[in-house]
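Mind having a look at this structure? Questions to follow.
The values are calculated or read from the model by the stated rules, or taken from the named source; none is laboratory data. These numbers were taken from a predicted model, which means no experiment stands behind them. Don't worry about glycine lacking a Cβ; one is built from the backbone with ideal geometry, like all the others, and counts go over all protein chains shown. Keep in mind that these areas ignore ligands, DNA and RNA; they rest on the heavy atoms of the full protein, side chains included. Shrake-Rupley method; radii C 1.70, N 1.55, O 1.52, S 1.80 Å.
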Amino acid sequence: MERARPHFAAVVGLIALTFLYVSYGMPDETPQESADKTAGQFLEKIPYALEGWTGRDVGVDEHAFNILSKDADGWLVREYRRGEDRIFLSLVTTVDQRKLFRVHIPDICLPAQGWSVMERSSQTVQLAPGRSLLATSLLAEKAGYKSQVLYWFSSGNRFIDSKVLHRFLLVWDGVMGERTPGTLIEITAPLVGNDRKQAFRVQEDFAQLLQPFLPAEPDGSSV
Amino acid sequence: MVLFLSSMGEGFSNVARRFATLMETKLSLSPQTVWSAVAVGALLILLFYPTLGRLIEEWDSNIYYSHGYLMLPLALWLSWRKREVLQVVPVEPTWRGLSLLLTGLVLFSIGRKADILFAQGLSFLLVVAGSIYTLKGKAVLKELAFPIGILFFMIPLPYLLLDPIGFPMKEFAAATSSSLLQAFGVPIFQDGVYLYLPNYLLVVEDVCNGLRSLISMMMVGTVMAYILLPSITDRIILTAVSIPIALGANILRILLTAVLGFYVSGEFAEGFLHEFSGLFVFLVSLGALMGVERILAWKEQDPISQPLSA
């Protein structure tokens, strides 16, 4: 024991120091308490009429409803039409972005609903002159119908296309003492023929109109 | 008031002395070992108390980790089984253990600051291992490595890891169940995780993806392998076999639910019987695991498979 006494002091000392650090260096509020409760209110301001586009709310099935009710602080699922162009907008927001990770990304949701994801790629979306973000693009197929899904996350005031990077920034924000809201933005366009470029043009056009109503501002690059 | 506090202090001190004597006589532990363990243990409880609270919340609410309550008692019991070996293993305190301890404490600090339960839980294992390594040395840590390591099963994996595992399992379960039901003449149409029967819609929810069975079966398989099988190869085999057993058990449960839903009704299938079928299937998979263990143990003892002595 004599031999171990300095080791014992070191172990006790380090644990005690850590205890003091986490006890006095932590925020007083829990993440849920400190999270901005108004973060989901922007959903109410998304207009049904958007420069030629007309929207209507679309119901979700019970399975999706159960997941969203449990893990999301707000969501919106709408169909927008403009002439022959048609897109589906899905926004899911959480006041504490950690909960956003419990919401299934389209890569998981689509197969759950019987869609096959044929391709997955990254796509630059121009939201304004000199302002773009990198989104994930999926080509999905079901019963002969094809759709192109474009989605990205916003984390606080950043746009992100990678769930892994989103997670890293969550940790970083947490270490820095921030508790930021998060949103999953998904724009789906049915493919007419196989014209993916046309579908993307429609999606990009809609994203540009939607951008002013979203909480995050693109600063010329996404993370 | 002073008298009251002083009596309380004396009372605690008596209890502590009796505890130390008990440890010394029952476990043949020296007083120094007991007191250092009590001191470090008390500090660890103080440090990890909020984490333990969060873990309990998860064990209550997370469908994949309801077995979490069992893990600490299990780890303590596994450590207690090692008491005779620990008495003869050389004790060599070393500064090398501090790197493991520091890693655990830093991870804990990050986990607390960023509110990441997985990091906090993992840090508990590292801090305990690092403390033992520093105070008692490598040989003692080696003996206690498994009881400490088994605590990993009480730490909820982050959803970032659960989803990529859970969803393909859900798809597999839905597709396999659908194929088997069709093979047995039950009319069924599969659309993703939706199984449409003529009179019943069965949705393979997250709770039915088999991940819960997989995590708990892997835990049971790992512990069984460690306790019952001496050979490393056999231990790996038994742990690995727990995976297909868990997947098969989950599919069996979906099949039972679908068959009951089709031949009786959806309400009947998803009522009490659904929960009962879960217990039944768990017992069946436990039996299957024990069966594999018996085969592996018999193979070890079989004289025909033993090399002939010269």
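Quick one: is residue B:232 within 23 Å of residue B:279 (Cα to Cα), of a type in the set (A, V, I, L, M) and either crowded, with 20+ Cβ neighbours inside 10 Å or free of Cβ contacts under 8 Å to residues at least 60 places away in the same chain (or both)?
On the way: within 23 Å of residue B:279 (Cα to Cα): no; of a type in the set (A, V, I, L, M): yes; either crowded, with 20+ Cβ neighbours inside 10 Å or free of Cβ contacts under 8 Å to residues at least 60 places away in the same chain (or both): yes.
Considered against the rule, which asks whether it is within 23 Å of residue B:279 (Cα to Cα), of a type in the set (A, V, I, L, M) and either crowded, with 20+ Cβ neighbours inside 10 Å or free of Cβ contacts under 8 Å to residues at least 60 places away in the same chain (or both), residue B:232 comes out as no.
Provide a single number: the residues in region B:188-205 that are within 11 Å of another protein chain (Cβ to nearest Cβ), open to solvent by 60 Å² or more (accessible area, probe 1.4 Å) and not in a strand (DSSP E or B).
Of the residues in that region, 1 qualify.
Is there a residue in region B:244-254 that is within 25 Å of residue B:166 (Cα to Cα) and out of contact with any helix residue (DSSP H, G or I) (no Cβ under 8 Å at 6 or more places or on another chain)? Before you say what the answer is, go through the steps one by one.
Residues of region B:244-254 within 25 Å of residue B:166 (Cα to Cα): B:244-254.
Now restrict to residues that are out of contact with any helix residue (DSSP H, G or I) (no Cβ under 8 Å at 6 or more places or on another chain): B:244.
Taking every residue of region B:244-254 in turn, at least one turns out to be within 25 Å of residue B:166 (Cα to Cα) and out of contact with any helix residue (DSSP H, G or I) (no Cβ under 8 Å at 6 or more places or on another chain).
Does residue B:102 satisfy the criteria of being within 14 Å of chain A (Cβ to nearest Cβ), modelled with pLDDT of 90 or more and open to solvent by 20 Å² or more (accessible area, probe 1.4 Å)? Reasoning before the result, please.
Values: within 14 Å of chain A (Cβ to nearest Cβ): yes; modelled with pLDDT of 90 or more: yes; open to solvent by 20 Å² or more (accessible area, probe 1.4 Å): yes.
When the stated conditions are applied, residue B:102 passes them.
Is region B:132-150 home to any residue that is under 30 Å from residue B:100 (Cα atoms) and acidic (Asp, Glu)? Before you say what the answer is, go through the steps one by one.
Of the residues in region B:132-150, the ones under 30 Å from residue B:100 (Cα atoms) are B:132-150.
Add one more test, that the residue is acidic (Asp, Glu), and what stays is B:143.
Yes, region B:132-150 has at least one match.
Please tell me if residue B:123 is more than 8 Å from chain A (Cβ to nearest Cβ), of a type outside the set (Phe, Trp, Tyr) and crowded, with 20+ Cβ neighbours inside 10 Å.
Details: more than 8 Å from chain A (Cβ to nearest Cβ): yes; of a type outside the set (Phe, Trp, Tyr): yes; crowded, with 20+ Cβ neighbours inside 10 Å: yes.
When the stated conditions are applied, residue B:123 passes them.
Restricting attention to region B:99-117, does a residue exist that is touching a Pro at 6+ places or on another chain (Cβ under 8 Å) and free of Cβ contacts under 8 Å to residues at least 60 places away in the same chain? Don't jump to the end; show me each part of the working.
Keep residues of region B:99-117 that are touching a Pro at 6+ places or on another chain (Cβ under 8 Å), which gives B:112, B:115-117.
Restricting the remaining residues to those that are free of Cβ contacts under 8 Å to residues at least 60 places away in the same chain gives B:115-116.
The answer is yes, given that some residue of region B:99-117 is touching a Pro at 6+ places or on another chain (Cβ under 8 Å) and free of Cβ contacts under 8 Å to residues at least 60 places away in the same chain.
Further question on the same structure: Would you check if residue B:118 is within 12 Å of another protein chain (Cβ to nearest Cβ), of a type in the set (A, V, I, L, M, F, W, C) and open to solvent by 10 Å² or more (accessible area, probe 1.4 Å)? Give the steps one after another, and end with the answer.
Working: within 12 Å of another protein chain (Cβ to nearest Cβ): yes; of a type in the set (A, V, I, L, M, F, W, C): yes; open to solvent by 10 Å² or more (accessible area, probe 1.4 Å): yes.
Yes, satisfied.
Of all helices (runs of 4 or more DSSP H) completely enclosed by region B:79-156, which ones contain at least 2 residues that are in contact with a Gly (Cβ under 7 Å, 6 or more places away or on another chain)?
Numbers: elements: B:83-88, B:97-113, B:117-136, B:138-149.
Where helices (runs of 4 or more DSSP H) fall fully within region B:79-156 and carry at least 2 residues being in contact with a Gly (Cβ under 7 Å, 6 or more places away or on another chain), they are B:97-113, B:117-136.
Among the candidates B:284, B:241, B:259, single out the residue that is among the hydrophobic types (A, V, I, L, M, F, W, C), in a helix (DSSP H, G or I) and farther than 20 Å from residue B:170 by Cα.
On the way: B:241 fails: farther than 20 Å from residue B:170 by Cα; B:259 fails: farther than 20 Å from residue B:170 by Cα.
None of the others qualify; the one that does is B:284.
Tally the residues that are over 18 Å from the mean Cα position of the chain (by Cα), within 24 Å of residue B:144 (Cβ to Cβ) and assigned to a helix (DSSP H, G or I), restricting the search to region B:206-238.
3
Which number in (1) within 19 Å of the chain's Cα centre (by Cα); (2) within 14 Å of another protein chain (Cβ to nearest Cβ); (3) touching a residue at least 40 places away in the same chain (Cβ under 8 Å) marks the one condition that residue B:61 misses?
Result: residue B:61 fails condition (3) only.
List the pairs whose first member sits in region A:65-76 and is open to solvent by less than 20 Å² (accessible area, probe 1.4 Å), whose second member is at pLDDT 75 or above and of a type in the set (Lys, Arg), and whose Cβ atoms are under 6 Å apart, counting only residues at least 6 apart or on separate chains?
Once the first residue is open to solvent by less than 20 Å² (accessible area, probe 1.4 Å) and sits in region A:65-76, no partner that is at pLDDT 75 or above and of a type in the set (Lys, Arg) comes close enough.
Which of the numbered conditions does residue B:154 fail, given that it passes all the others? Conditions: (1) within 27 Å of residue B:101 (Cα to Cα); (2) surrounded by fewer than 21 Cβ atoms within 10 Å (Cβ to Cβ); (3) away from chain A (no Cβ under 14 Å).
Going through (1) within 27 Å of residue B:101 (Cα to Cα); (2) surrounded by fewer than 21 Cβ atoms within 10 Å (Cβ to Cβ); (3) away from chain A (no Cβ under 14 Å) one by one, residue B:154 breaks only (2).
For residues in region B:129-140 being open to solvent by less than 30 Å² (accessible area, probe 1.4 Å) and in contact (Cβ under 8 Å) with a residue 40 or more places away in the chain, which is farthest from residue A:6 (Cα to Cα)?
Filtering region B:129-140 down to residues open to solvent by less than 30 Å² (accessible area, probe 1.4 Å) leaves B:129-131, B:134-135, B:137, B:140.
Adding the requirement that they be in contact (Cβ under 8 Å) with a residue 40 or more places away in the chain leaves B:131, B:134-135, B:137, B:140.
Values: B:131: 13, B:134: 10, B:135: 9, B:137: 14, B:140: 18 Å.
The extreme case among them is B:140.
Please enumerate the residues belonging to region B:209-228 that are at pLDDT below 90 and of a type in the set (A, V, I, L, M).
Kept after step one, since they are at pLDDT below 90, are these residues of region B:209-228: B:209-217.
Passing the criteria: B:211, B:214, B:215, B:217.
When region B:174-187 is examined, which residues are found to be more than 11 Å from chain A (Cβ to nearest Cβ) and either modelled with pLDDT under 90 or open to solvent by 20 Å² or more (accessible area, probe 1.4 Å) (or both)? Let's see the steps before the verdict.
So in region B:174-187, the residues more than 11 Å from chain A (Cβ to nearest Cβ) come out as B:176-187.
Across region B:174-187, the qualifying residues are B:176, B:179, B:180, B:182, B:183, B:184, B:185, B:186, B:187.
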